[in-house]
Amino acid sequence: MAAMDLFGRRWALRILWELRAGPLGARALLARCEGLSSSVLYQRLRELVSSGIVAPSADGYELTRLGTALRDALGPLDEWANAWAQEQEHHDQEPTET
């Protein structure tokens, strides 16, 4: 449950998702996560670093070995979310009966 508590915090999964392709600095993360405040970013990064999922690097922050394994697990969730969104869009476009 500790993992679900961490990942359920606002912006945690988005930060991990943005780090999936490689290290990013704090400014780049802020630019990619519109609406994320710097104070929340640094709080989430502290939590992710202390959990062993993210590590500071010369280029900013990067996924650790555990973070990379998590990234691989998020791929199927992203595929499901895309299929769900398409289904929702299709459902919204269907005419309603009166």
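Remarks
- In segment 52-73, the residues that are among the small types (Gly, Ala, Ser) and touching a residue at least 40 places away in the same chain (Cβ under 8 Å): 67
- Residue-level analysis places residue 14 outside the set of residues that are farther than 12 Å from residue 70 by Cβ, without any contact (Cβ under 8 Å) to a residue 60 or more places away in the chain and assigned to a loop (DSSP other than H, G, I, E, B).
Only the coordinates and a few stated rules stand behind these numbers; no lab work does. Given the structure is predicted, the values throughout are model-derived calculations rather than measurements. Because the Cβ atoms are built from the backbone with ideal geometry, glycine has one as well, and the counts that use them run over all protein chains shown.
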